[in-house]
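Note sheet for the following structure.
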Amino acid sequence: MSCWQTIQDYALRSVGIGERRLPTEYTLCEQFTLIGSGMIWNVYFGVLALIFGFFLATAVAVGKQSNTKWIRKTAEWFVLIFRGSPLFIQFFFAYFAFLSLKQVSPIFDPFTAAWLGALIVLFLNTAAYSGEIFYGALRSIPKGDVEAADAYGFFGWPRFKRIIWPTMLRLAWPAYTNEAIFLFHATTLVFFSGFPTWGQRGDALYYANFFADKTFNPFVPYPILAGYFILMTLCIIGVFGLINRYLNRHLPQEARRLRRPRMNIIR
Amino acid sequence: MACYLTTGKHANFYYAFGTVLLLLAITAPAALAFGFGGAMAARSRVLPLSWFGKAYISVVRGVPDIAFFLFFVIALDQMFEWVRHKVKCPDWGEPIRQGNDFVVCQAAKLPLGDAPQWVHETYGFFVAVLTFAIVFGAFAANVLYGAMRAVPRPQLETAEAYGMTRRQTFWRILVPQMWVYALPGLSNLWMVLIKATPLLFLLGVEDIVYWARELGGTANPRFTNYPHGDWRMWYFLVLLVFYLGFTKISEVFLERLMVKLTHGQATTGGESQRKAT
(Lines give C-alpha, C1' and ligand atoms only; values in the text may rest on other atoms or scores of the structure.)
Protein backbone atom coordinates (compact mmCIF):
# COMPACT_ATOMS: atom_id res chain seq x y z
CA MET A 1 0.00 0.00 0.00
CA SER A 2 1.50 3.29 -1.05
CA CYS A 3 1.82 6.16 1.33
CA TRP A 4 -0.64 8.26 -0.65
CA GLN A 5 -3.20 5.53 -0.21
CA THR A 6 -2.59 5.53 3.54
CA ILE A 7 -3.08 9.26 3.73
CA GLN A 8 -6.33 8.99 1.80
CA ASP A 9 -7.56 6.24 4.09
CA TYR A 10 -6.50 7.57 7.45
CA ALA A 11 -6.05 11.34 7.26
CA LEU A 12 -9.52 11.95 8.70
CA ARG A 13 -9.88 8.76 10.70
CA SER A 14 -9.98 10.53 14.05
CA VAL A 15 -13.27 12.19 13.09
CA GLY A 16 -14.71 9.01 11.66
CA ILE A 17 -14.18 9.52 7.93
CA GLY A 18 -12.30 6.93 5.90
CA GLU A 19 -11.05 3.47 6.78
CA ARG A 20 -12.40 2.19 10.10
CA ARG A 21 -9.97 -0.62 10.70
CA LEU A 22 -6.65 0.51 12.16
CA PRO A 23 -3.57 -0.43 10.13
CA THR A 24 -1.79 -3.64 10.99
CA GLU A 25 1.64 -2.59 9.82
CA TYR A 26 3.32 0.34 11.42
CA THR A 27 5.55 2.15 8.99
CA LEU A 28 6.59 5.76 9.38
CA CYS A 29 3.88 6.78 6.94
CA GLU A 30 1.07 5.23 8.99
CA GLN A 31 2.39 6.82 12.15
CA PHE A 32 2.71 10.28 10.60
CA THR A 33 -0.76 10.11 9.07
CA LEU A 34 -2.65 8.81 12.09
CA ILE A 35 -0.94 11.03 14.64
CA GLY A 36 -1.55 13.98 12.34
CA SER A 37 -5.15 12.91 12.05
CA GLY A 38 -5.40 12.95 15.83
CA MET A 39 -4.15 16.52 15.86
CA ILE A 40 -7.55 17.53 14.46
CA TRP A 41 -8.98 16.94 17.91
CA ASN A 42 -6.23 18.90 19.62
CA VAL A 43 -6.81 21.85 17.31
CA TYR A 44 -10.58 21.57 17.76
CA PHE A 45 -10.39 21.61 21.57
CA GLY A 46 -7.70 24.26 21.65
CA VAL A 47 -9.26 26.72 19.25
CA LEU A 48 -12.83 26.51 20.56
CA ALA A 49 -11.84 26.60 24.22
CA LEU A 50 -9.59 29.55 23.53
CA ILE A 51 -12.26 31.55 21.68
CA PHE A 52 -15.06 30.93 24.20
CA GLY A 53 -12.66 31.18 27.12
CA PHE A 54 -11.49 34.58 25.98
CA PHE A 55 -14.88 36.16 26.59
CA LEU A 56 -15.50 34.48 29.92
CA ALA A 57 -11.97 35.44 30.98
CA THR A 58 -12.72 39.09 30.32
CA ALA A 59 -15.89 38.77 32.35
CA VAL A 60 -13.99 37.07 35.18
CA ALA A 61 -11.31 39.76 35.20
CA VAL A 62 -13.88 42.52 35.36
CA GLY A 63 -15.83 40.55 37.96
CA LYS A 64 -12.77 40.27 40.18
CA GLN A 65 -12.48 44.05 40.12
CA SER A 66 -16.15 44.62 40.76
CA ASN A 67 -17.30 46.62 43.77
CA THR A 68 -20.29 44.36 44.31
CA LYS A 69 -19.29 41.80 46.86
CA TRP A 70 -21.06 38.73 45.53
CA ILE A 71 -19.80 39.21 41.98
CA ARG A 72 -16.25 39.61 43.24
CA LYS A 73 -16.49 36.56 45.50
CA THR A 74 -17.95 34.41 42.71
CA ALA A 75 -15.15 35.36 40.34
CA GLU A 76 -12.52 34.76 43.01
CA TRP A 77 -13.85 31.33 43.89
CA PHE A 78 -14.12 30.39 40.24
CA VAL A 79 -10.46 31.26 39.66
CA LEU A 80 -9.35 29.58 42.88
CA ILE A 81 -11.10 26.31 42.12
CA PHE A 82 -9.95 25.98 38.54
CA ARG A 83 -6.40 27.16 39.14
CA GLY A 84 -5.94 25.35 42.44
CA SER A 85 -6.82 21.84 41.33
CA PRO A 86 -5.26 19.66 38.65
CA LEU A 87 -6.90 19.69 35.23
CA PHE A 88 -6.62 15.92 35.22
CA ILE A 89 -8.85 15.62 38.29
CA GLN A 90 -11.23 18.20 36.87
CA PHE A 91 -11.69 16.04 33.78
CA PHE A 92 -12.42 12.98 35.91
CA PHE A 93 -14.80 14.83 38.17
CA ALA A 94 -16.66 16.42 35.27
CA TYR A 95 -16.98 13.14 33.45
CA PHE A 96 -18.42 11.29 36.41
CA ALA A 97 -20.62 14.24 37.32
CA PHE A 98 -22.05 14.21 33.79
CA LEU A 99 -22.49 10.44 34.03
CA SER A 100 -24.60 10.86 37.16
CA LEU A 101 -26.59 13.68 35.61
CA LYS A 102 -27.24 11.53 32.59
CA GLN A 103 -29.32 9.22 34.73
CA VAL A 104 -31.45 12.15 35.82
CA SER A 105 -32.20 13.42 32.35
CA PRO A 106 -31.17 12.35 28.84
CA ILE A 107 -30.40 15.99 28.01
CA PHE A 108 -26.97 15.35 29.46
CA ASP A 109 -26.24 12.58 27.00
CA PRO A 110 -23.83 14.51 24.74
CA PHE A 111 -22.03 15.89 27.79
CA THR A 112 -20.46 12.52 28.53
CA ALA A 113 -18.80 12.56 25.10
CA ALA A 114 -15.44 14.19 24.84
CA TRP A 115 -16.37 16.65 22.12
CA LEU A 116 -18.70 18.55 24.42
CA GLY A 117 -17.88 17.53 27.99
CA ALA A 118 -14.13 17.93 27.73
CA LEU A 119 -14.58 21.14 25.78
CA ILE A 120 -16.58 22.61 28.65
CA VAL A 121 -13.91 21.68 31.19
CA LEU A 122 -11.14 23.12 29.01
CA PHE A 123 -13.21 26.24 28.41
CA LEU A 124 -13.78 26.87 32.11
CA ASN A 125 -10.18 26.03 32.92
CA THR A 126 -8.66 28.38 30.39
CA ALA A 127 -11.15 31.07 31.35
CA ALA A 128 -9.89 30.88 34.94
CA TYR A 129 -6.23 31.00 33.98
CA SER A 130 -6.58 33.81 31.44
CA GLY A 131 -9.01 35.60 33.73
CA GLU A 132 -6.24 35.83 36.28
CA ILE A 133 -3.84 37.11 33.59
CA PHE A 134 -6.35 39.73 32.46
CA TYR A 135 -7.03 40.74 36.05
CA GLY A 136 -3.33 41.35 36.56
CA ALA A 137 -3.24 43.44 33.37
CA LEU A 138 -6.34 45.33 34.46
CA ARG A 139 -4.62 46.35 37.64
CA SER A 140 -1.51 47.56 35.84
CA ILE A 141 -3.25 49.87 33.36
CA PRO A 142 -1.44 53.21 33.59
CA LYS A 143 -3.37 55.58 35.81
CA GLY A 144 -2.87 58.38 33.29
CA ASP A 145 -4.79 56.51 30.59
CA VAL A 146 -7.88 56.21 32.73
CA GLU A 147 -7.64 59.80 33.93
CA ALA A 148 -7.31 61.01 30.36
CA ALA A 149 -10.39 59.01 29.42
CA ASP A 150 -12.31 60.61 32.29
CA ALA A 151 -11.15 64.04 31.18
CA TYR A 152 -12.51 63.42 27.69
CA GLY A 153 -15.86 62.53 29.13
CA PHE A 154 -15.67 58.78 28.56
CA PHE A 155 -17.82 56.90 30.97
CA GLY A 156 -19.14 53.39 31.58
CA TRP A 157 -19.28 51.01 28.63
CA PRO A 158 -17.61 53.28 26.02
CA ARG A 159 -14.75 53.92 28.41
CA PHE A 160 -14.27 50.19 28.94
CA LYS A 161 -14.56 49.31 25.27
CA ARG A 162 -12.40 52.07 23.83
CA ILE A 163 -9.78 52.62 26.53
CA ILE A 164 -9.54 49.99 29.24
CA TRP A 165 -10.14 46.79 27.29
CA PRO A 166 -7.59 47.42 24.48
CA THR A 167 -4.95 48.45 27.00
CA MET A 168 -5.67 45.41 29.12
CA LEU A 169 -5.26 43.13 26.11
CA ARG A 170 -2.07 44.87 25.09
CA LEU A 171 -0.54 44.41 28.53
CA ALA A 172 -1.74 40.85 28.95
CA TRP A 173 -0.88 39.62 25.48
CA PRO A 174 2.58 38.05 26.07
CA ALA A 175 1.29 36.11 29.07
CA TYR A 176 -1.86 35.20 27.18
CA THR A 177 0.24 33.74 24.37
CA ASN A 178 1.80 31.46 26.96
CA GLU A 179 -1.60 30.46 28.20
CA ALA A 180 -2.68 29.59 24.65
CA ILE A 181 0.38 27.38 24.15
CA PHE A 182 -0.26 25.52 27.36
CA LEU A 183 -3.93 25.16 26.62
CA PHE A 184 -2.99 23.33 23.43
CA HIS A 185 -0.62 21.15 25.43
CA ALA A 186 -3.39 20.46 27.93
CA THR A 187 -5.70 19.18 25.21
CA THR A 188 -3.63 15.98 25.16
CA LEU A 189 -5.06 15.12 28.58
CA VAL A 190 -8.61 14.73 27.32
CA PHE A 191 -8.54 11.13 26.18
CA PHE A 192 -6.34 10.00 29.05
CA SER A 193 -8.78 11.10 31.72
CA GLY A 194 -12.31 9.94 32.22
CA PHE A 195 -13.56 10.71 28.75
CA PRO A 196 -13.60 7.56 26.63
CA THR A 197 -12.68 7.33 22.98
CA TRP A 198 -15.50 6.05 20.83
CA GLY A 199 -14.45 3.83 17.96
CA GLN A 200 -10.80 4.57 18.67
CA ARG A 201 -11.19 8.12 17.48
CA GLY A 202 -8.66 9.77 19.71
CA ASP A 203 -6.35 12.72 19.65
CA ALA A 204 -2.70 12.79 18.60
CA LEU A 205 -1.36 11.48 21.90
CA TYR A 206 -3.89 8.67 21.86
CA TYR A 207 -2.55 7.41 18.54
CA ALA A 208 1.07 7.97 19.55
CA ASN A 209 0.44 5.90 22.64
CA PHE A 210 -1.28 3.28 20.51
CA PHE A 211 1.78 2.94 18.25
CA ALA A 212 4.17 2.90 21.21
CA ASP A 213 2.16 0.07 22.75
CA LYS A 214 2.01 -1.88 19.53
CA THR A 215 5.62 -1.57 18.43
CA PHE A 216 7.07 -1.33 21.94
CA ASN A 217 9.30 1.35 20.50
CA PRO A 218 8.63 4.80 21.94
CA PHE A 219 11.41 6.41 19.95
CA VAL A 220 9.36 6.84 16.77
CA PRO A 221 5.77 7.93 17.61
CA TYR A 222 6.55 10.33 20.45
CA PRO A 223 9.12 12.34 18.50
CA ILE A 224 6.56 12.58 15.67
CA LEU A 225 4.02 13.89 18.18
CA ALA A 226 6.62 16.29 19.54
CA GLY A 227 7.29 17.54 16.01
CA TYR A 228 3.61 18.22 15.43
CA PHE A 229 3.30 20.07 18.70
CA ILE A 230 6.39 22.18 18.09
CA LEU A 231 4.95 23.11 14.69
CA MET A 232 1.67 24.06 16.31
CA THR A 233 3.44 26.11 18.99
CA LEU A 234 5.24 28.01 16.23
CA CYS A 235 1.89 28.66 14.51
CA ILE A 236 0.40 29.99 17.74
CA ILE A 237 3.38 32.23 18.33
CA GLY A 238 3.08 33.50 14.76
CA VAL A 239 -0.65 34.28 14.94
CA PHE A 240 -0.45 35.81 18.39
CA GLY A 241 2.57 37.82 17.28
CA LEU A 242 0.51 39.35 14.47
CA ILE A 243 -2.29 40.23 16.89
CA ASN A 244 0.28 41.67 19.26
CA ARG A 245 1.57 43.89 16.47
CA TYR A 246 -1.97 45.05 15.79
CA LEU A 247 -2.63 45.81 19.46
CA ASN A 248 0.58 47.80 19.76
CA ARG A 249 0.34 49.57 16.41
CA HIS A 250 -0.04 53.04 17.95
CA LEU A 251 3.08 52.78 20.07
CA PRO A 252 6.52 54.05 19.04
CA GLN A 253 8.51 51.42 17.13
CA GLU A 254 10.88 50.61 19.96
CA ALA A 255 8.20 49.53 22.39
CA ARG A 256 6.51 47.38 19.76
CA ARG A 257 9.12 44.69 19.90
CA LEU A 258 7.31 41.42 20.60
CA ARG A 259 8.35 40.17 23.95
CA ARG A 260 9.27 36.53 23.55
CA PRO A 261 6.67 34.35 25.21
CA ARG A 262 8.33 32.75 28.17
CA MET A 263 7.05 29.33 28.98
CA ASN A 264 7.19 28.63 32.64
CA ILE A 265 3.77 27.36 33.54
CA ILE A 266 2.00 24.15 32.85
CA ARG A 267 -0.91 22.52 34.51
CA MET B 1 -20.84 4.51 56.85
CA ALA B 2 -17.85 5.06 59.13
CA CYS B 3 -17.36 1.31 59.08
CA TYR B 4 -17.42 1.23 55.31
CA LEU B 5 -14.88 3.99 54.94
CA THR B 6 -12.36 2.12 57.07
CA THR B 7 -12.20 -1.13 55.12
CA GLY B 8 -8.89 -2.55 53.96
CA LYS B 9 -9.38 -1.27 50.46
CA HIS B 10 -9.94 2.20 51.78
CA ALA B 11 -6.74 1.91 53.77
CA ASN B 12 -5.01 1.51 50.39
CA PHE B 13 -6.74 4.67 49.24
CA TYR B 14 -5.44 6.56 52.26
CA TYR B 15 -1.95 5.15 51.80
CA ALA B 16 -2.08 6.43 48.23
CA PHE B 17 -2.21 9.98 49.59
CA GLY B 18 1.05 9.10 51.30
CA THR B 19 2.41 7.90 47.96
CA VAL B 20 1.62 11.26 46.41
CA LEU B 21 3.27 13.15 49.26
CA LEU B 22 6.28 10.85 49.09
CA LEU B 23 6.54 11.44 45.36
CA LEU B 24 6.50 15.18 45.94
CA ALA B 25 9.06 14.93 48.73
CA ILE B 26 11.49 12.95 46.56
CA THR B 27 10.82 14.66 43.24
CA ALA B 28 11.14 18.26 44.38
CA PRO B 29 14.82 18.01 45.42
CA ALA B 30 15.60 15.69 42.52
CA ALA B 31 14.08 18.07 40.00
CA LEU B 32 15.95 20.93 41.65
CA ALA B 33 19.18 18.98 41.25
CA PHE B 34 18.41 18.27 37.59
CA GLY B 35 17.52 21.91 37.12
CA PHE B 36 20.73 23.07 38.75
CA GLY B 37 22.72 20.74 36.53
CA GLY B 38 20.82 21.91 33.45
CA ALA B 39 21.31 25.58 34.28
CA MET B 40 25.00 25.03 34.97
CA ALA B 41 25.35 23.19 31.66
CA ALA B 42 23.47 25.91 29.78
CA ARG B 43 25.79 28.66 31.03
CA SER B 44 28.91 26.54 30.66
CA ARG B 45 31.76 27.86 28.53
CA VAL B 46 32.24 24.48 26.87
CA LEU B 47 30.12 24.84 23.75
CA PRO B 48 28.69 21.29 23.38
CA LEU B 49 27.76 21.24 27.06
CA SER B 50 26.01 24.57 26.73
CA TRP B 51 24.14 23.33 23.66
CA PHE B 52 23.11 20.23 25.53
CA GLY B 53 21.78 22.29 28.45
CA LYS B 54 19.85 24.63 26.20
CA ALA B 55 18.43 21.82 24.09
CA TYR B 56 17.30 19.99 27.23
CA ILE B 57 15.50 23.06 28.49
CA SER B 58 13.77 24.00 25.26
CA VAL B 59 12.78 20.55 24.05
CA VAL B 60 11.17 19.44 27.29
CA ARG B 61 9.28 22.72 27.62
CA GLY B 62 8.04 22.77 24.04
CA VAL B 63 6.22 19.45 24.14
CA PRO B 64 3.20 18.47 26.26
CA ASP B 65 4.46 17.10 29.54
CA ILE B 66 2.10 14.16 29.45
CA ALA B 67 3.76 12.97 26.22
CA PHE B 68 7.05 12.98 28.07
CA PHE B 69 5.59 11.03 30.93
CA LEU B 70 4.37 8.35 28.59
CA PHE B 71 7.62 8.40 26.61
CA PHE B 72 10.13 8.30 29.44
CA VAL B 73 8.53 5.46 31.30
CA ILE B 74 9.09 3.08 28.39
CA ALA B 75 12.31 4.70 27.22
CA LEU B 76 13.97 4.62 30.65
CA ASP B 77 12.86 1.07 31.23
CA GLN B 78 14.27 -0.04 27.89
CA MET B 79 17.48 1.88 28.49
CA PHE B 80 18.07 0.19 31.85
CA GLU B 81 17.35 -3.22 30.40
CA TRP B 82 19.55 -2.56 27.39
CA VAL B 83 22.50 -1.54 29.56
CA ARG B 84 22.04 -4.53 31.87
CA HIS B 85 21.72 -6.76 28.84
CA LYS B 86 25.03 -5.56 27.45
CA VAL B 87 26.75 -6.05 30.81
CA LYS B 88 25.22 -9.32 31.94
CA CYS B 89 24.78 -11.27 28.70
CA PRO B 90 27.64 -10.28 26.40
CA ASP B 91 27.37 -13.52 24.37
CA TRP B 92 23.71 -13.14 23.42
CA GLY B 93 23.43 -13.75 19.69
CA GLU B 94 20.05 -12.39 18.69
CA PRO B 95 19.25 -8.73 18.11
CA ILE B 96 17.36 -6.93 20.86
CA ARG B 97 14.74 -5.32 18.63
CA GLN B 98 13.01 -8.14 16.79
CA GLY B 99 10.40 -6.45 14.69
CA ASN B 100 7.89 -5.13 17.18
CA ASP B 101 9.43 -6.85 20.20
CA PHE B 102 12.04 -5.79 22.65
CA VAL B 103 13.86 -8.91 23.82
CA VAL B 104 16.58 -9.05 26.45
CA CYS B 105 17.97 -12.06 28.27
CA GLN B 106 16.29 -13.26 31.49
CA ALA B 107 19.05 -12.00 33.77
CA ALA B 108 18.72 -8.48 32.40
CA LYS B 109 14.98 -8.18 33.07
CA LEU B 110 14.21 -5.35 35.42
CA PRO B 111 12.86 -6.14 37.91
CA LEU B 112 13.74 -9.81 37.74
CA GLY B 113 10.89 -12.04 36.67
CA ASP B 114 10.75 -13.81 40.04
CA ALA B 115 10.96 -10.71 42.19
CA PRO B 116 8.20 -10.18 44.74
CA GLN B 117 5.33 -7.79 44.14
CA TRP B 118 6.67 -4.93 46.22
CA VAL B 119 9.87 -4.81 44.16
CA HIS B 120 7.82 -4.32 41.01
CA GLU B 121 5.82 -1.57 42.65
CA THR B 122 8.90 0.18 44.01
CA TYR B 123 10.60 -0.04 40.63
CA GLY B 124 7.56 1.50 38.95
CA PHE B 125 7.52 4.26 41.52
CA PHE B 126 11.23 4.87 41.04
CA VAL B 127 10.87 5.20 37.26
CA ALA B 128 7.97 7.60 37.82
CA VAL B 129 10.08 9.74 40.15
CA LEU B 130 12.91 9.82 37.63
CA THR B 131 10.51 10.85 34.87
CA PHE B 132 9.05 13.64 36.97
CA ALA B 133 12.55 14.79 37.89
CA ILE B 134 13.67 14.92 34.26
CA VAL B 135 10.60 16.83 33.06
CA PHE B 136 10.41 19.26 35.96
CA GLY B 137 14.20 19.55 35.99
CA ALA B 138 13.95 21.28 32.63
CA PHE B 139 11.46 23.81 33.99
CA ALA B 140 13.60 24.35 37.08
CA ALA B 141 16.68 24.73 34.88
CA ASN B 142 14.94 27.51 32.99
CA VAL B 143 14.01 29.30 36.21
CA LEU B 144 17.49 28.93 37.71
CA TYR B 145 19.15 29.97 34.45
CA GLY B 146 17.10 33.16 34.48
CA ALA B 147 17.81 33.73 38.17
CA MET B 148 21.55 33.36 37.67
CA ARG B 149 21.44 36.06 35.03
CA ALA B 150 19.30 38.28 37.24
CA VAL B 151 21.93 38.64 39.96
CA PRO B 152 23.24 42.22 39.67
CA ARG B 153 26.36 42.37 37.54
CA PRO B 154 28.33 44.60 39.98
CA GLN B 155 28.19 41.82 42.56
CA LEU B 156 30.13 39.52 40.25
CA GLU B 157 32.48 42.28 39.15
CA THR B 158 33.29 43.01 42.76
CA ALA B 159 34.07 39.34 43.29
CA GLU B 160 36.40 39.41 40.30
CA ALA B 161 38.03 42.55 41.61
CA TYR B 162 38.76 40.71 44.83
CA GLY B 163 40.62 38.12 42.76
CA MET B 164 38.13 35.27 43.04
CA THR B 165 38.30 32.62 40.35
CA ARG B 166 35.28 31.85 38.17
CA ARG B 167 34.46 28.85 40.27
CA GLN B 168 34.69 30.76 43.52
CA THR B 169 32.53 33.56 42.14
CA PHE B 170 29.92 31.05 41.11
CA TRP B 171 29.68 29.18 44.38
CA ARG B 172 30.24 31.98 46.90
CA ILE B 173 28.57 34.96 45.23
CA LEU B 174 26.19 33.86 42.52
CA VAL B 175 24.56 30.81 44.07
CA PRO B 176 23.72 32.31 47.48
CA GLN B 177 22.21 35.38 45.86
CA MET B 178 20.22 33.80 43.06
CA TRP B 179 17.61 32.10 45.24
CA VAL B 180 15.60 35.22 45.89
CA TYR B 181 15.27 35.75 42.13
CA ALA B 182 14.47 32.09 41.54
CA LEU B 183 11.86 31.74 44.26
CA PRO B 184 8.82 33.16 42.44
CA GLY B 185 9.52 30.87 39.52
CA LEU B 186 10.26 27.91 41.74
CA SER B 187 7.13 28.38 43.82
CA ASN B 188 5.12 28.51 40.61
CA LEU B 189 6.82 25.30 39.61
CA TRP B 190 5.98 23.68 42.94
CA MET B 191 2.31 24.47 42.35
CA VAL B 192 2.55 22.93 38.91
CA LEU B 193 4.30 19.89 40.34
CA ILE B 194 1.52 19.39 42.87
CA LYS B 195 -1.01 19.59 40.08
CA ALA B 196 0.96 17.14 37.95
CA THR B 197 0.93 14.37 40.55
CA PRO B 198 -2.36 12.80 39.40
CA LEU B 199 -0.49 11.92 36.21
CA LEU B 200 1.19 9.22 38.30
CA PHE B 201 -1.90 7.26 37.45
CA LEU B 202 -0.82 7.17 33.82
CA LEU B 203 2.59 5.80 34.78
CA GLY B 204 1.02 2.70 36.24
CA VAL B 205 1.40 3.56 39.91
CA GLU B 206 -1.60 2.74 42.06
CA ASP B 207 -2.18 6.28 43.26
CA ILE B 208 -5.23 8.17 44.50
CA VAL B 209 -6.79 8.49 41.08
CA TYR B 210 -6.57 4.73 40.61
CA TRP B 211 -8.18 4.01 43.96
CA ALA B 212 -10.83 6.68 43.54
CA ARG B 213 -11.88 5.05 40.31
CA GLU B 214 -11.76 1.58 41.81
CA LEU B 215 -13.62 2.30 45.02
CA GLY B 216 -16.15 4.72 43.63
CA GLY B 217 -17.26 2.53 40.80
CA THR B 218 -19.61 -0.35 40.88
CA ALA B 219 -16.97 -2.90 39.96
CA ASN B 220 -19.34 -4.79 37.75
CA PRO B 221 -23.00 -3.95 37.47
CA ARG B 222 -23.95 -7.58 38.00
CA PHE B 223 -21.55 -8.58 40.77
CA THR B 224 -21.41 -5.41 42.77
CA ASN B 225 -18.47 -5.42 45.13
CA TYR B 226 -19.49 -2.25 46.84
CA PRO B 227 -22.72 -1.45 48.61
CA HIS B 228 -23.37 1.71 46.65
CA GLY B 229 -24.00 3.05 43.20
CA ASP B 230 -21.63 5.08 41.10
CA TRP B 231 -19.86 7.21 43.68
CA ARG B 232 -16.83 8.08 41.58
CA MET B 233 -18.03 11.65 41.33
CA TRP B 234 -17.84 12.04 45.11
CA TYR B 235 -14.45 10.37 45.35
CA PHE B 236 -13.09 12.76 42.76
CA LEU B 237 -14.68 15.65 44.61
CA VAL B 238 -12.66 14.60 47.64
CA LEU B 239 -9.50 14.61 45.53
CA LEU B 240 -10.40 18.02 44.15
CA VAL B 241 -10.77 19.41 47.65
CA PHE B 242 -7.53 17.72 48.73
CA TYR B 243 -5.58 19.40 45.94
CA LEU B 244 -7.27 22.75 46.56
CA GLY B 245 -6.30 22.64 50.22
CA PHE B 246 -2.80 21.53 49.40
CA THR B 247 -2.15 24.34 46.93
CA LYS B 248 -3.65 26.87 49.34
CA ILE B 249 -1.38 25.77 52.18
CA SER B 250 1.64 25.84 49.88
CA GLU B 251 0.77 29.35 48.81
CA VAL B 252 0.73 30.62 52.38
CA PHE B 253 3.94 28.82 53.22
CA LEU B 254 5.81 30.06 50.14
CA GLU B 255 4.71 33.61 50.84
CA ARG B 256 6.35 33.40 54.26
CA LEU B 257 9.51 31.93 52.76
CA MET B 258 9.68 34.79 50.27
CA VAL B 259 9.47 37.34 53.07
CA LYS B 260 12.32 35.58 54.84
CA LEU B 261 14.51 35.32 51.75
CA THR B 262 14.13 38.94 50.68
CA HIS B 263 15.47 39.99 54.07
CA GLY B 264 18.66 41.95 53.54
CA GLN B 265 18.72 41.56 49.75
CA ALA B 266 19.52 44.35 47.32
CA THR B 267 16.02 44.36 45.86
CA THR B 268 12.96 46.59 46.25
CA GLY B 269 11.40 43.97 48.50
CA GLY B 270 14.44 43.90 50.77
CA GLU B 271 14.59 47.68 50.75
CA SER B 272 10.99 48.08 51.85
CA GLN B 273 11.55 45.56 54.64
CA ARG B 274 14.54 47.54 55.83
CA LYS B 275 12.51 50.74 55.85
CA ALA B 276 9.63 49.14 57.70
CA THR B 277 11.75 48.18 60.69
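The values are calculated or read from the model by the stated rules, or taken from the named source; none is laboratory data. Source: prediction; values computed, not measured. So basically every Cβ, Gly included, is an ideal-geometry build from the backbone, and we count neighbours across all protein chains shown.
Brief remarks on what is shown
- Just one of the listed residues (A:Phe108, A:Phe55, A:Phe82) is surrounded by 19 or more Cβ atoms within 10 Å (Cβ to Cβ) and not acidic (Asp, Glu), namely A:Phe82.
- Residue count, segment A:186-220 (criterion: crowded, with 23+ Cβ neighbours inside 10 Å, assigned to a helix (DSSP H, G or I), facing chain B (nearest Cβ under 9 Å) and not aliphatic (A, V, I, L, M)): 3
- Scanning segment B:59-81 for residues that are part of a helix (DSSP H, G or I), at the interface with chain A (Cβ under 7 Å from one of its Cβ atoms) and of a type outside the set (Lys, Arg) yields a count of 8.
- Answer from A:Asn67, A:Asn42 - the residue that is of a type in the set (S, T, N, Q) and outside any helix (DSSP H, G or I): A:Asn67
- Which listed residue is within 14 Å of another protein chain (Cβ to nearest Cβ), assigned to a loop (DSSP other than H, G, I, E, B) and not hydroxyl-bearing (Ser, Thr, Tyr), from A:Glu30, A:Glu25, A:Glu76: A:Glu25
- Some residue of segment A:65-74 being crowded, with 20+ Cβ neighbours inside 10 Å and on the phi < 0 side of the Ramachandran plot: no
- Checking each residue in segment A:79-115 for being touching a Pro at 6+ places or on another chain (Cβ under 9 Å) and within 7 Å of chain B (Cβ to nearest Cβ) picks out A:Pro86, A:Phe88, A:Ile89, A:Phe92.
- Applying the condition of being more than 22 Å from A:Phe52 (Cα to Cα) and among the basic types (Lys, Arg) to segment A:130-176 and asking which residue is nearest to the chain's Cα centre (by Cα) yields A:Arg139.
- Condition broken by B:Val46, with the remaining ones in (1) more than 30 Å from A:Lys214 (Cα to Cα); (2) modelled with pLDDT under 80 satisfied: (2)
- Any hit, segment B:91-112, residues being more than 14 Å from chain A (Cβ to nearest Cβ), at pLDDT 80 or above and more than 25 Å from B:Lys195 (Cβ to Cβ): no
- Across segment A:226-249, the qualifying residues are those that are in contact with a Pro (Cβ under 8 Å, 6 or more places away or on another chain) and within 11 Å of chain B (Cβ to nearest Cβ), and the one among them that is surrounded by the fewest Cβ atoms within 10 Å (Cβ to Cβ) is A:Ile237.
- In segment A:160-187, the residues that are in contact with a Phe, Trp or Tyr (Cβ under 9 Å, 6 or more places away or on another chain) and among the charged types (D, E, K, R): A:Arg162, A:Glu179
- Criterion (closer than 19 Å to A:Cys29 by Cβ and not aromatic (Phe, Trp, Tyr)) met by exactly one of A:Pro196, A:Pro223: A:Pro223
- Among the residues of segment A:1-18, those identified as over 29 Å from the mean Cα position of the chain (by Cα) and either in a loop (DSSP other than H, G, I, E, B) or surrounded by 13 or more Cβ atoms within 10 Å (Cβ to Cβ) (or both) are A:Met1, A:Ser2, A:Cys3, A:Thr6.
- Selection from segment B:191-229 of residues that are surrounded by 18 or more Cβ atoms within 10 Å (Cβ to Cβ) and at pLDDT below 70: B:Gly216, B:Gly217
- Residues that are surrounded by fewer than 16 Cβ atoms within 10 Å (Cβ to Cβ) and within 14 Å of chain A (Cβ to nearest Cβ), drawn from segment B:154-187: B:Pro184
- In segment B:230-261, the qualifying residues are those that are touching a Gly at 6+ places or on another chain (Cβ under 6 Å) and at pLDDT 75 or above, and the one that is farthest from the other protein chains (Cβ to nearest Cβ) is B:Tyr235.
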